[in-house]
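The values are calculated or read from the model by the stated rules, or taken from the named source; none is laboratory data. Not measured: the values here are computed from a predicted model. Reconstructed Cβ throughout: ideal geometry from the backbone, glycine too, with neighbour counts over all protein chains shown. Ligands, DNA and RNA are excluded from the accessible area calculation, which covers all protein heavy atoms including side chains. Shrake-Rupley method; radii C 1.70, N 1.55, O 1.52, S 1.80 Å.
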Amino acid sequence: MIISNSEVETFQKCQRKHWYAYGLNLTPKIKTLPLRSGILGHSVLEKYYLAKRAELSHDECVQEGMGVLAAYMLHPDVEVYSIVLKRFLEYAEHYKHESFRVLDVEGTYTTPLKNGIEYALTLDLLVEYTSGQYKGQQVLIDHKWTSDFWSANAVHTLP
């Protein structure tokens, strides 16, 4: 049996929702704005970082991400398109000169636990810093597309 962090979080929040999603394999008929933004945003950044891993120029990497958005433009979800477009361009500009090498993008990994259970993780981005204070260190990056991030105080009060 394979479990994921999403499955564990769903179970912790609501066991009935967990049963519907993972026991009966049901999916919601309507996806929320954060979910729709996250799905598109992850697709855009996946293309961007695959281009970065192929050592394309920054502008070419941005063009790869924009290609995903261009294909999505025909979709009637204008709100998601504008959210992801704005955040992607801000993201690409902010990390334009980041000194790391892309090791993996959207890779899925599993690790065995007890009783025949495996824990599955799909990472957003795995990089290795190529210079500076963290040179040689590998870092896992989890992209977020929501606008209601937790404050430091909220994180510190988690059990």
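Annotations for the structure displayed:
- Of the trypsin sites (Lys or Arg not before Pro) in segment 55-147, those whose Cβ has at most 10 other Cβ within 10 Å and which sit in DSSP loop: Lys114
- Distance between segment 2-69 and segment 94-109 - C-alpha centres, whole angstrom: 16 Å
- Charge tally for Leu50 (other residues, Cβ to Cβ under 14 Å; Lys, Arg +1; Asp, Glu -1): -3.
- Listed pairs Lys13/Lys114; Lys31/Lys52; Lys31/Lys86; Lys52/Lys114; Lys96/Lys135; Lys52/Lys144 exceeding 26 Å between Cα atoms: Lys31/Lys52; Lys52/Lys114
- Across the options Ser6, Tyr129, Ala51, the greatest Cα extent toward the positive end of the charge dipole of the chain (unit charges at beta carbon of Lys, Arg, Asp, Glu) belongs to Ser6.
- Accessible surface of segment 57-112, 1.4 Å probe, proportion on carbon and sulfur as whole %: 57 percent
- For the chain, built as a Gaussian network whose Cα springs stay under 10 Å, the top-fluctuating residue of Gly136, Gly65, Gly38: Gly136
- Vicinal HN-Hα couplings computed from phi for segment 120-136 (Karplus, 6.51 cos²θ - 1.76 cosθ + 1.60; Hz; Gly/Pro x): 10, 9, 10, 7, 7, 7, 10, 10, 10, 5, 9, 7, x, 4, 9, 3, x
- Accessible area (Å², per residue) of segment 1-142, counting only protein heavy atoms and a probe of 1.4 Å: 68 Å²
- Neighbours of Val68, meaning other residues whose beta-carbon lies under 9 angstrom from its beta-carbon, give a summed charge of -1 when Lys and Arg score +1 and Asp and Glu score -1.
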